[in-house]
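The values are calculated or read from the model by the stated rules, or taken from the named source; none is laboratory data. Everything numeric in this text was worked out from a predicted model, so none of it was measured. Note that each Cβ is placed from the backbone with ideal geometry, even for glycine, and that neighbours are counted across all protein chains shown. Just so you know, the surface numbers come from the protein's heavy atoms only, side chains and all, with ligands and any DNA or RNA stripped out. Shrake-Rupley method; radii C 1.70, N 1.55, O 1.52, S 1.80 Å.
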Amino acid sequence: MAACWFDFTLVISASVSGIVRYPGCTRDKCRVRYVVALMQVKATTVARKHAFGSCPDPHGAAMTAATSQRSAHACATPIAVTANRETPAAAPAGGEPRVDRLLHAAIGRSFAGFSPMGLAEAWFDWSLHLAASPGRLAELARQGLAETMRLIELASSANTSNVCTPCERSLPHDKRFRHPSWQRWPYALYAEGLLAGERLWDLATRDVHGATPHHLAQLNFVGRQTLDLLAPSNWPWSNPEVVDTTVRERGSNLLRGTLFALEDVARLARREGPREALQFQPGRDLALTEGKVVHRTPLAEIIQYAPSTGEVRVEPIVIVPAWIMKYYILDLRPENSLIRHLDEQGFTVFVISWKNPELSDRDLGLDDYRVSGVQPAFAAALAATGASRLHAVGYCIGGTLLALTAAAMARDLDHRLATLTLLAAQVDFREAGELSLFVDESQLAILDDVMAEDGVLEAARMAGTFHLLRSNDLIWSRIVRTYLLGQREAATDIATWSTDATRMPARMHSEYLRAFYLNNDLAEGRFQVEGQAVSLRDIHSPIFAVGTEHDHVAPWRSVYKIHRLADADVTFVLADAGHNRGIVAPPSQTGRRFRIGSALAHDHHATPEQWLAGASLRQGSWWPAWVNWLSEHSSGLVPARTIDDHGLGSAPGSYVHG
């Protein structure tokens, strides 16, 4: 109850014109006790903006009459993906006074998109429960004393060389203190002091009886970010690598770093893209696989790739990439292009290239991406090839969109999907990894108000969120290397692609976070497409799912949950590396490995740990195993198809440059 009251008072303090909505409260009892007693919310109906004009027939000749009728209705009036479409999900503040919304948006911008009210509530929850746990406090005191005594012992060994190897007690992925110079005193003391603080903070924010796990995870993350900022590796006087380099080069490294910093600041002031973008550009250096745009909607371009073999398989492949980044992660250079690899293996490949949304697209919702992206892509692929079925592939949140589309098709007895491939894609978000730390009612209320003013979530803000998940690798180590050591990092194709982010429409972003991350509606059977709930259990098409070992965006154990959600045969691959490099795994790369295992729809469900123990470990890329699986589920070969010229231009199209 104390936490409820604290949550309530925080929101009151952030509002200057009285309560009309209560955006931060996370407890229903609080809403009933305080909000309903003080006001009545009058919902404001906001009309949808329709930007699409005519809607192509998404089903072709294979549709049933019932499906045709449903699709025609969807084309005429795009319908809700959630129960309350009448009030825009991007602006649940329909009755919120504008001055409140402006204040909340200003607060969100001041705190880099985070909700200070939510963090304060988490702190209050943690501190109260910890203060009421004397046994836990004693445990922390004992651990703190042990760490202090170890640091004192280390400090007293000033004349001993190589007294400590800090990385021995750091996390496996922490590379900050692995250089031999960190073994010297006093640098070893600096490093051990930081690692001791991290261990204490982990202990203090773990398993506090009565505290909400989400709050504990939030505080642990924020504390970790603070400690990462204060790490001795980030400062020139406490980093032995920087000190040694400065002495050896007589300060020229710092001069180069200063010039690099001035160059980057000037580029930001001119609103120019990162310097890597000048070295790798789609259509010139990347996304070079030959093809043509065969269909275009206001939201997506459908690209068909030219065949490179005399015969191709009957069923085409349609790839649904994530719309938060550009599609050419799957078509980088010729030697690591997944699209080119599929083309060379005798498949007719189509891919969706999403438009980078503008302010006028603020009211585009999640269903618009299905109606004006996925459905036209399926229709275009089947019309161009004359096939009756296709292989559908979804990457990241494109895979989530594909899964809900497949569930809706199965519900409507639309059997055009021969197989379903999900690459690092989640359908159950209860264990969605560190991204879920940013999703609760308070946080989404702040984001809703920010986007109500801005219309879109800017690419830089989204990229910053992903960088925070791996701040040591993606932020601090790069700052040290570039500005303190004076070493520019060589541009790579995948690093350049990662800077080519896109914006997200306000409505779609809010719908996605609320429906999936906050409420987990798709996995729990509440998600609606065209006014009716869809169930993943209706999916019977064979599934090939890929997770990656070090994925911070879609943890592989979360991706693995497709086994118990879909009523289908599932082949699951666990690839090495992370969210992007685990998927971009061409056979030419050495040192790659993966695990693979298959389960029939009626098999006993195995836990991720059981699957891991029984899966086959193979060396090399997982791409050939996938190609073999696709071939086994194809209907044979036909002469290669030529691409009809629709006058829409060649690959990579125009949207990729937006």
Two-decimal Rg/Rh across region 379-431, once Rg and the Kirkwood Rh are taken from alpha-carbon atoms: 1.02
Indicate, rounded to the nearest 5 percent, the antiparallel portion of the DSSP beta bridges found entirely in region 235-366. 70
Output wanted: per-residue J couplings in Hz (rounded whole) for region 210-224, from phi through Karplus 6.51 cos²θ - 1.76 cosθ + 1.60, θ = phi - 60°, x for Gly and Pro. x, 7, 5, x, 4, 5, 5, 5, 4, 5, 4, 5, 5, x, 4
Of 595-605, 280-290, ordering from highest average Cβ density within 10 Å down gives 280-290, 595-605
One checks the Cα atoms of region 280-320 and finds Rg and Dmax, in Å, of 12.4, 35
Mind listing the long-range amide H neighbours of A300? Cut-off is under 5 Å, sequence gap 5 or more, other chains count too, H placed in the peptide plane at 1.01 Å from N. K355
Within the P(r) computed for region 537-658, what percentage of the Cα pairs occupies the region above 25 Å? 39
Per residue, how large is the accessible surface of region 581-629? Use a 1.4 angstrom probe and give square angstrom. 56
Taking Rh as the Kirkwood radius computed over C-alpha pairs, what is the Stokes-Einstein D of region 345-434 at 37 °C in a medium of viscosity 0.692 mPa s, expressed in µm² per second? 227
If you average the alpha carbon positions of region 322-362 and of region 530-557, how far apart do those two centres end up, in angstrom? 20
Given a 1.4 angstrom probe, I'd like the percentage of the accessible area of region 457-614 that is carbon and sulfur, rounded to a whole number. 52
Enter the accessible area per residue of region 322-430 (Å², integer; probe 1.4 Å; all protein chains in place). 20
One-quarter of the Cα convex hull surface for region 552-611, in nm²? 4.6
Karplus (6.51, -1.76, 1.60) ³J(HN,Hα), θ = phi - 60°, over region 535-547, in Hz, Gly and Pro reported as x: 10, 5, 5, 6, 7, 10, 5, x, 10, 10, 10, 10, x
Considering the Cα positions of region 249-349, please state its Rg to one decimal place and its Dmax as a whole number of Å. 19.7, 66
Average projection area in nm² (convex hull over Cα atoms of region 275-417, one quarter of hull surface): 9.2
Report the net charge of residues surrounding S388, where surrounding means a beta-carbon distance below 9 angstrom and charges are Lys +1, Arg +1, Asp -1, Glu -1. +1
Taking every DSSP bridge whose two residues both lie in region 538-649, the antiparallel percent to the nearest 5 is 60
How charged is the neighbourhood of G398? Take every other residue with its Cβ under 13 Å from the Cβ of G398, and add Lys/Arg as +1 and Asp/Glu as -1. +2
Take the solvent-accessible surface of the protein heavy atoms, probe 1.4 Å, and return the percent of it on region 239-367 that carbon and sulfur atoms account for. 53
In whole percents, the bins of 5 Å from zero upward hold the Cα-Cα pairs of region 186-258 as 3, 15, 19, 16, 12, 11, 9, 7, 5, 3, 1, 0
Rolling a 1.4 angstrom probe over the protein heavy atoms, how many square angstrom per residue are accessible across region 193-238? 43
Among 518-525, 180-187, the order from most to least packed when residues are scored by Cβ within 10 Å on average: 518-525, 180-187
Excluding G591 itself, calculate the net charge of residues whose Cβ lies under 12 Å from the Cβ of G591, where each Lys or Arg counts +1 and each Asp or Glu counts -1. +2
